[in-house]
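Structure first, commentary second.
The values are calculated or read from the model by the stated rules, or taken from the named source; none is laboratory data. All values derive from a computational prediction rather than experimental measurement. All Cβ positions, even for glycine, are placed from backbone atoms using ideal geometry, and neighbour counts span all protein chains on display.
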Amino acid sequence: MCAISKVLFRCWAAAWVAALFMFIGPTLHTIGTETFFASIVLLILPPSGILLAFFLGESTLLIGMSLAWAWGIIVMKAALAARSASETQARLTALHERASIQANASGQSFYYREKGVWALIMGQTTLLVYMADFTFSMISRTIGTVIGGVLGLLVWYVGSGSGPGNPYGLAAILAAVLAILMWARLFFNQGLLQATIMSAATCILIVGYSFDDSHIAQYGNPGVGYNVFWHRIVLVMTGFAAALIVQVFPVPPSASRHIRKSLSNAIQTLSDHYALMLSCWNQTDSNVGLVSGRISIKVDELLSSLESSIALLRLEISSSPFGSQSLAQVNSICQETNWALGRLLYLSVSLPVELQDRLAHLTGIIDHRNIGDIMAVLSMIEQALRTGNALPEILPTPLVNRCLEYCQNSGLEILTSKDLIRDENYRKFCVAMSSYLKFLSAIDELVLVVKGSLGESHIINREFAGAV
């Protein structure tokens, strides 16, 4: 608790000190309206973690700004070097007069006066790859803008009342509000990061532009208090509208299609994992455990990375038969399958040969017919996820029942005694059998989930199916 308080105090103090530059006369008149950008940057990248990570983030931002500044300087220097100073001055005067006339005629002055760049920035930063992410981004940014606007109005009217802005009162009330905003930035769910940053940026923009309106004479000030707030809301919505048009037309990109393809690739990797386990059965290669671990970690990373995208699917309007709930079930089952195969592959080299043979005779783990059935089912599930085609009505499932039938027909008995339970190798044997049954039951459950979403195809007459 003490460490959390220290981090919060450090970040809050840095943002508040940066915000004070808005109310100090020399810095305000020297830097201009950009004085409040320092506190916004500190709310985006607070000094809350490792010092190196903070410096890397700030350095990346600084390098980007420096490159843009350097490119502008180079272009201007090249343009000025191409003509004499007198010609340049005359040309600039003529262009200035022409620009003033054209701006008033074409609406460019309206764009500058009404801070159209806010809408441009919002439209560009809201665009995302998939529609579900875009919808969540738009909703969270809207909520963040409204909350930040309310906080900004609170700071301005409590700190200055109906006056032009009292720097001492604004600094005092802004300290309390910045503590709330910084706490939200540090400790809220990272999924709400866009909303918290938008809240902080809108709050500081309202306070900063309101104070600048009565202290800096410049063209295009949006006013004070509520005037800045409604300007901000209108421009944010304008940016959203432009982004929505670009995002939707001609075809909105579907996150469901991307997730289905990723899950299909994961099942294909699991099939390869299963083939590797069978190839290593009764082998003594010590490197198999390392390979198994790498494959399991790779698949688990892929499946874990899809969880947030699957959760956002409920915000997507899509014609896909798979919804957020069904894809979450497929993802969870694939994770269980991956863990079971990882344990089996590890035990395939660590289990004594006689117990491996017994497990093979009991469960049919290396029986060609069983292997063919499992591979066929996995392949059909993979294709169903990729193409959206329904699975056949008749499949060689449930696989668990086939395994139990094979065990009954094997003629072998399951041995149980106190001595065997104390034996470490026999306990590994039990874990291997449990993992194999878990693997089969996961495939059976996967078939039910896919059939529940896509339905069944190649329907067979019930009387014929019962006879078979």
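Assorted remarks:
- Region 138-178, residues that are under 30 Å from G191 (Cβ atoms) and in contact with a Leu (Cβ under 6 Å, 6 or more places away or on another chain): V155, V177
- Evaluation of F429 against (1) under 43 Å from the mean Cα position of the chain (by Cα); (2) at pLDDT below 80 (one fails), failing number: (2)
- Some residue of region 193-205 being more than 25 Å from I24 (Cβ to Cβ), among the polar types (S, T, N, Q) and in a loop (DSSP other than H, G, I, E, B): no
- Test result for V146, farther than 16 Å from P222 by Cα, outside any helix (DSSP H, G or I) and not acidic (D, E): no
- Criterion: farther than 30 Å from C430 by Cβ, at pLDDT 85 or above and surrounded by 16 or more Cβ atoms within 10 Å (Cβ to Cβ) - qualifying residue of L327, L315, L270, L303: L327
For every residue, the table says whether it meets (1) touching a Ser or Thr at 6+ places or on another chain (Cβ under 6 Å); (2) farther than 17 Å from I443 by Cβ.
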| residue | (1), (2) |
| --- | --- |
| S309 | no, yes |
| F322 | yes, yes |
| C334 | no, no |
| L341 | no, no |
| L344 | yes, no |
| N370 | no, no |
| E382 | yes, no |
| A390 | yes, yes |
| R422 | no, yes |
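- Count - residues of region 378-395 that are part of a helix (DSSP H, G or I) and either of a type in the set (D, E) or surrounded by 21 or more Cβ atoms within 10 Å (Cβ to Cβ) (or both): 4
- Among the conditions (1) closer than 30 Å to V155 by Cβ; (2) among the polar types (S, T, N, Q); (3) in contact with a Leu (Cβ under 9 Å, 6 or more places away or on another chain), Q268 misses just one, which is (1).
- Qualifying residues in region 2-19 (those that are out of contact with any Ser or Thr (no Cβ under 9 Å at 6 or more places or on another chain) and surrounded by 14 or more Cβ atoms within 10 Å (Cβ to Cβ)) - the one nearest to L178 (Cα to Cα): W12
- Where a residue in region 181-199 is assigned by TED's automatic domain parsing to the domain that holds V236 and its partner, wherever it lies, is in a loop (DSSP other than H, G, I, E, B), with Cβ under 7 Å and at least six apart: M182/P46; R185/P46; L186/P46; L186/S48; T196/F188
- When region 230-263 is filtered for residues that are surrounded by 15 or more Cβ atoms within 10 Å (Cβ to Cβ) and not in a helix (DSSP H, G or I), the ones remaining, listed by number, are P252, P253, S254.
- Taking the criterion of being in a loop (DSSP other than H, G, I, E, B), over 38 Å from the mean Cα position of the chain (by Cα) and closer than 24 Å to I267 by Cα, the residues of region 316-371 that qualify are G364, I365, I366, D367.
- Restricting attention to region 161-180, the residues that are without any contact (Cβ under 8 Å) to a residue 24 or more places away in the chain and either assigned to a loop (DSSP other than H, G, I, E, B) or in contact with a strand residue (DSSP E or B) (Cβ under 8 Å, 6 or more places away or on another chain) (or both) total 4.
- Single match in A266, A275 (criterion: part of a helix (DSSP H, G or I) and more than 27 Å from Q356 (Cβ to Cβ)): A266
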